Structure formats: structure tokens, C-alpha cells
Amino acid sequence: MIMAMSTIDKYKVSFDTENINVRDMVIAGLDQVQSNSTKDFNEVCDRLEKKYTNAAIHN
């Protein structure tokens, strides 16, 4: 018997996946700062904010 995931379970999985994606982007940004690929940490934060402020939310 196959049981369907509830809407709440699907949302949680989606939310957790997005959290992992955001965390990976922040870590990549920090790596850029540490390797001197960028001179301004605020620039990295601005790019991340711009990317995720208008990002589509997938259910």
C-alpha cells in the first residue's frame, strides 16, 4: 500500500531543501570572501538577498 505524503510533509521537505540551498549559497559567499575573490562582504550579502528575495517558492 502506498501512502501519499500530506501537504504539511511536502512543505517541510521543500522548506528543508530550500534551507540547504540557502546555506550552501552563504557558505560559497563566505568562501569567496576568505579567498579574496570579493573585497566586500556586503556585496556578497546583497547578491544573496537579491537572488532569494524574488526567488520562486516551489511547493
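Anything in the stretch 15-51 that is of a type in the set (Ser, Thr, Tyr), more than 11 Å from the chain's Cα centre (by Cα) and at pLDDT 80 or above? List them, or say none. It would help to see each step written out before you state the result.
Residues of the stretch 15-51 that are of a type in the set (Ser, Thr, Tyr), as a first pass: 17, 35, 37-38.
Cutting the leftovers down to more than 11 Å from the chain's Cα centre (by Cα) gives us 35, 37-38.
If the condition is that a residue be of a type in the set (Ser, Thr, Tyr), more than 11 Å from the chain's Cα centre (by Cα) and at pLDDT 80 or above, then Ser35 is the only one that fits.
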Output for Cβ contacts, cut-off 7 Å, separation at least six or different chains, first residue touching a residue at least 12 places away in the same chain (Cβ under 8 Å) in the stretch 17-31, second assigned to a helix (DSSP H, G or I), reads Val22/Tyr52; Met25/Leu48; Val26/Leu48; Gly29/Val44; Gly29/Leu48
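The values are calculated or read from the model by the stated rules, or taken from the named source; none is laboratory data. If you're wondering where the values come from, they're calculated on a predicted model, not measured in any experiment. As a convention, Cβ positions derive from the backbone with ideal geometry for all residues, glycine included, and neighbour counts pool all protein chains shown.
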